[in-house]
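Q: Got a structure here, written out as structure tokens. Questions coming.
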Amino acid sequence: MSISQGMYELSPLFARQLTNSDDDEGNSLQLIHVFISFHLFGFFGTIIMLLTACFSRTTPRHPTWISFAISWIISTFSYSLLFLGGHLTGSEPGYPLCLVQGVMIYSAPPLTAATTCALVIQIWFLVRSVATSTSSGKGHILSSMWSASLLIIPYLLYVTIVVAMLVVGIQTPSTVQRVSSGMYCNFANRIPGRISTFLVASIMIPTVFLEIQVCMALRRNWNLFKSQKGSLSMILRVVIFTLFGFFAIAASILFFFTVHHGPQLNVVISLIPIAAVLVFATQGDLIRVWMFWRKRPDDANTEDVVRPPSPDPRKSESILVIG
């Protein structure tokens with residue numbers, strides 16, 4: 001067989017290999033676009049939700065809820081940084097941009113886990129307050145110090161991780177890279193990622209346990225809470241979103257023990273900020289703010305307000321805003 005005949009017979013094989021390579025590249029690019037689209041939806045959706053709650057007097061929200069929303073803005077911004085910097089595809093992004101994103105994506109998951117935990121703790125104390133005020137006439141509400149701690153600790157943790165990761169990235173600049181899928185930048189050193197996932201799992205496990213306690217308290221006091229539809233709605237929304245905590249724990253374990261997890265899992269995880277927007281931005285009082293063609297009530301909407309029953313009429317003005 002001549003050389004030309006052999007090359008002719010091998011040419012279809014090379015053609016198939018090139019076609020498969022093109023298909024893989026096309027699929028990877030589609031996954032990148034889906035990944036970024038999900039995070040951008042979460043980013044802008046959470047901003048709109050937060051601004052609506054902050055600037056409308058008919059949508060009172062507890063500071064832990066606002067902190068929770070801010071943490072998801074930071075998280076989705078972190079994962080969208082390559083796109084916003086114009087280096088999502090094409091040539092390798094510059095070291096400063098890649099370093100900043102690498103630092104932020106290791107710091108953001110523990111932050112969102114911590115603010116979610118803080119929101120659940122606040123819900124638990126409010127549910128407990130309503131339940132105990134019915135039986136004993138005196139509720140148990142978080143002190144100002146504990147309430148401040150729920151706001152400060154998540155961001156103190158975030159700043160600590162940012163500083164630590166920044167030191168790692170500056171000391172070993174050769175480890176800062178864009179991942180093979182092209183979705184974001186991280187460090188070739190696997191230790192920062194394992195630390196981040198360990199922290200997420202460590203925070204979410206007690207959070208899910210506490211959420212189970214909230215569900216049990218709701219079940220025991222169902223007749224009381226079902227009469228407060230707005231409050232029950234908010235509590236159930238937090239319960240629904242925290243169910244993603246099971247998924248966060250599973251993903252953290254997977255990330256901790258594996259080096260390569262593929263772009264598909266990244267896309268699945270990017271559904272969590274979408275869930276946050278769909279769960280919390282669809283509350284009735286927030287939706288009504290945008291229904292400009294309808295007459296708005298003069299008083300603040302009480303959809304997400306818990307009023308603990310009190311035998312003392314002088315305490316009847318006590319309002320616990322959980323939403």
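The values are calculated or read from the model by the stated rules, or taken from the named source; none is laboratory data. Note that the structure is predicted; figures quoted are calculated from it, not measured. Neighbour counts run over all protein chains shown; Cβ positions are idealised from the backbone, glycine included.
Q: When only residues in the stretch 42-67 that are aromatic (Phe, Trp, Tyr) and at pLDDT 95 or above count, which is nearest to TYR158 (Cα to Cα)?
A: Among those residues, the one meeting the criterion is PHE43.
Q: Among the helices (runs of 4 or more DSSP H) contained in the stretch 174-272, which hold 2 or more residues that are at pLDDT 85 or above?
A: The qualifying helices (runs of 4 or more DSSP H) are 191-220.
Q: Mind listing whichever residues of the stretch 48-69 are buried (at least 17 other Cβ atoms within 10 Å of the Cβ) and of a type in the set (A, V, I, L, M)?
A: Hits for the stretch 48-69 are MET49, LEU50, ALA53, ALA69.
Q: Limited to the stretch 164-201, what total is found for residues that are under 21 Å from the mean Cα position of the chain (by Cα) and either of a type outside the set (S, T, N, Q) or over 25 Å from LEU88 (Cα atoms) (or both)?
A: Going through the stretch 164-201 one residue at a time, the tally reaches 12.
Q: Hey, another quick one. Looking at the stretch 144-162 only, could you name the residues that are under 18 Å from the mean Cα position of the chain (by Cα), under 24 Å from LEU126 (Cβ atoms) and exposed (fewer than 14 other Cβ atoms within 10 Å of the Cβ)?
A: Within the stretch 144-162, ILE152, LEU156 meet the criteria.
Q: Right, here's the next one. Please enumerate the residues belonging to the stretch 57-104 that are more than 22 Å from GLN177 (Cβ to Cβ) and not in a helix (DSSP H, G or I).
A: ARG57, THR58, THR59, PRO60, ARG61, HIS62
Q: Whether any residue in the stretch 274-284 is among the hydroxyl-bearing types (Ser, Thr, Tyr) and modelled with pLDDT of 80 or more is what I want to check.
A: The answer is yes; a qualifying residue exists.
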